[in-house]
1. At 0.36 nm per residue, minus the direct Cα-Cα distance, what do Q74 and Q152 gain on full extension? Give it in nm, one decimal, please.
2. Pairs K162/K188; K208/K261; K133/K180; K280/K302; K133/K208: which are spaced more than 22 Å apart, C-alpha to C-alpha?
3. Evaluate the distance, in nm, between pseudo-label points positioned 7 Å from the Cα of V202 and of K272 along their respective Cα→Cβ axes.
4. Sort out for me the Cα centre separation of region 183-214 from region 247-266, rounded to whole Å.
5. Per the Kirkwood formula on distinct C-alpha pairs, the Rh of region 267-327 is how many angstrom?
6. If packing is taken as the average count of other Cβ atoms within 10 Å, what order do 233-242, 299-308 fall into, highest mean first?
7. Viscosity 1.306 mPa s, temperature 10 °C: what is the translational diffusion coefficient of region 224-326 from Stokes-Einstein with a Kirkwood Rh over Cα pairs, rounded to a whole number of µm²/s?
8. Under a point-charge model restricted to the Cβ atoms of Lys and Arg (+1) and Asp and Glu (-1), what is the dipole moment magnitude of region 224-326 relative to its Cα centre, in debye to the nearest 20?
Amino acid sequence: MSRKYFFFFLFFTGVLDSTFAQSIVDCRVVASTAPACNPYGEKLLLAKEIVSANDTLKLIRTKTLPVPPKPTLQVISVEDMIEKHLSVQDSLRYRGTKVSKDAIRAVEKLDSQKALEKKIEKLEEDIVALEEKLQEVASVPRKGVWGVYKVQQGDTLSAIAKRFALTLQDLADLNELEGKAVIVSGQKLRLPVDQARINVMVAEKHSKQALLRKQNKLDMLQDFGKRTLRVTATAYTSHADQTGGSPFVAAWGTRLRPGMKIIAVSSDMLGKYGMRNGTKVRIAGLPGYYTVRDKMSKRFRKRIDIYMGMDRRAALRWGRRSVVIHW
């Protein structure tokens, strides 16, 4: 073969191979016009293994393709965007003029206190008005309802009027008395109140007075016994030879009368043991309570002298005894 035909053959073979190679495409992208496809793609990335199938060699390879990320959409509210991404500051023009929260709370507290004070004042005014109205209603006597009140010891017209919700003038007019009239125990007064109510109020007053007397007695008994002392007790009378020329006058100017339970004490009882003028003393073996109203000579110690009035014999019978006193 001549050189001319040889070069022509090579050129024709290269063109044929190129045309045939361009007609073969990747099997992953197949078109209807493609006569054939390449099962391995344009590039061989990794040959995993070669196996035999029907006496033919087949190349099996593994290729990992990247997975595109899924698009995500996040919705942010305007409030969140302002809170997280914006910073609101005071204007330079008004900087320094902002009132603190403590000042605001103090003003609010003051306002609430003022409002409460106004409510209290209004309530007090209502109470006063209601009391005045009740007094006006109570001062009007009811027709056909009358009672009699017997004046007790220590009563006054104003106290009786207040007790039965009357005015002093109304009570005086009902009984034809003057406002400053003096009433005496046992006097009877007419009242525009049911007699049953008068009796109940009188009974309540007596019970309160009895309870008060009982309480005072209990208080006095509780006070006794805090101090106990054994002393020498003698007796004296109001005769001139035993009183130093002033028979019925004690050391502190107290007027003495027969029957009074009075004792005189030595000076150490007044200083060392804490007694004084008016101290109540209970003497073991004698009933009742004795009051310190006189004092003895300074030469005596732990000594008391019991007043026997004008009964010289009783004083002589008593003589000198050792007794226990409580105060």
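1. Working: separation 78, 0.36 × 78 = 28.08 nm, distance 9.57 nm.
Length difference between fully extended and current span is 18.5 nm.
2. Numbers: K162/K188 17 Å; K208/K261 28 Å; K133/K180 25 Å; K280/K302 17 Å; K133/K208 29 Å.
The answer is K208/K261; K133/K180; K133/K208.
3. Calculated label separation equals 5.7 nm.
4. 37 Å
5. 12.6 Å
6. In decreasing order of mean packing, 233-242, 299-308 become 299-308, 233-242.
7. Using the Kirkwood radius from Cα pairs, D works out to 117 µm²/s.
8. On the way: 22 positive and 5 negative charges, 77 e Å.
Computed about the Cα centre, the dipole is about 360 debye.
Laboratory data are not the source of any read-out in this text; all were calculated from the coordinates shown. Quantities reported herein were computed from a predicted structural model and do not represent experimental measurements. Positions of Cβ are generated from backbone atoms using ideal geometry, with glycine treated the same way; all protein chains shown enter the neighbour counts.
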